[in-house]
Structures are given as structure tokens and as C-alpha cells.
Amino acid sequence: MDFECQAVELCRGRVLDLGAGAGPHTLALEALGFSVVAVEGSAEVARLLRERGAAAVVHADFRHWWRPGFDTVLMLMNGLGPVGTLAGLDRFLAHAHRFLSPGGQILVDGAEAVIRGPSATAGWPPVGGYPGQAWIELSHAGRVGRPFRELYIDPETLTHHAARAGWRLEVAFEGGDGVYLARLTRPS
């Protein structure tokens, strides 16, 4: 995807790939010579990433794992999704600077919540609710996982929350259907 290529091009220095998944970004950055630490919340996926050859993999929930000293924090594939809610976003933004070296950056992709089908005309979102605070339930081969929160956030709302937490936001890429890549930095 174009925003992923743009994100890789914007990376600099020591990189922290939060929510690394199976590691396409980690492995691409390592192939370019970057030092990357990949953090993945699923033990099975972290194991797969190690098997794929990633140099440094940590199995942890990034909302509770903090290590300093990174020049770039990369959060792709709806990277802020796991914060779940706007309150979760505010908690993350209040502490995310602890990951970064002075002058560091967070690169995160996002997407607006697009409500389609019967919910679009049935009074969604609930009164006072933000439409991007979704409940997600995954299923495969007849098995259904536990519901979890996922945040989909438009750039204007992210800009507002980021500014309240002392971050400057620049939209580095805009794609179709409300997809974007944002660069968060702390003013010096």
C-alpha cells in the first residue's frame, strides 16, 4: 500500500514497530539496515515473527510495555486501533513520548469509521458516542473470539487529541476511504 511505503521512507534511526504482526514492516526495515524492535501482543504471532527471522521480537501488549530510546515508533495496520476508545487514546498519548529519543517521531496510520448497512440509518452512533469506538468480534472456521475494542479515528479528531497531549500532528499521506498516515512529534 502507498501509505506503508511512505511510512518506511519516513523511518529514521532506531525503530520500534508496535503491533508488528507477522512483521512485514519489521523485516523490510531490517533489510534496509535499520535496527528494529518488534512488539507483538499475540504469542503465536510473535513466535512466527521470530521464525521469519526478525532480530528483536518482544511478546507484550504495547499499552503496558515501555522502553525508551527510539527515533521512530511505527504503528501500522490501524496502529492506534488497540487503544480501543478515545479515553484509551488519551492515556496512550500522555505516555507515548517515553518511547522516543529527543526529536523522535511516531508514524501511525488510521482510518475513519465508515458505517454502512442498516446501522448507517438506525441512529448509529449512540447519542454522545464517537462512531470509531467499535466492538470487534473475529471468527474463523466456526470459532468466534472474544469481543474487543478497536479505535478507528479521523485525522481531525486525532489532531485534537494529540494537541491536548502536547503532540504536533502532520498528515504525511492521504488515501481513499479516509485512510491516512500521520506523523506525531513533540514540539521542542
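What dipole magnitude, in Debye to the nearest 20, does the chain give about its Cα centre under +1 on Lys/Arg Cβ and -1 on Asp/Glu Cβ?
Its charge dipole is roughly 660 debye.
Taking 22 Å as R0, compute the FRET efficiency from the Cβ-Cβ separation of residue 139 and residue 61 and round it to 0.05.
0.50
Nearest 500 deg cm²/dmol is fine: what mean residue ellipticity at 222 nm does the chain get from its DSSP H runs of n ≥ 4 alone, each adding -39,500 (n - 2.57), divided by its residue count?
Mean residue ellipticity, 222 nm, calculated: -7000 deg cm²/dmol.
Step through the residues of region 179-188 one at a time and calculate ³J(HN,Hα) from phi using the Karplus curve (6.51 cos²θ - 1.76 cosθ + 1.60, θ = phi - 60°), rounding each to whole Hz and writing x for Gly and Pro.
7, 8, 10, 10, 10, 9, 9, 9, x, 7
With Cα extents along the principal axes in Å defined as stated, name the option among (1) 48, 43, 29; (2) 50, 46, 30; (3) 42, 29, 28 computed from the structure displayed.
Comparing each candidate, only (2) matches the computed number.
Values quoted throughout were computed directly from the atomic coordinates according to the rules given, and no laboratory measurement underlies them. Just so it is clear, the model here is predicted, and its values are computed rather than measured. Virtual Cβ from ideal backbone geometry, glycine too; neighbours counted across all protein chains shown.
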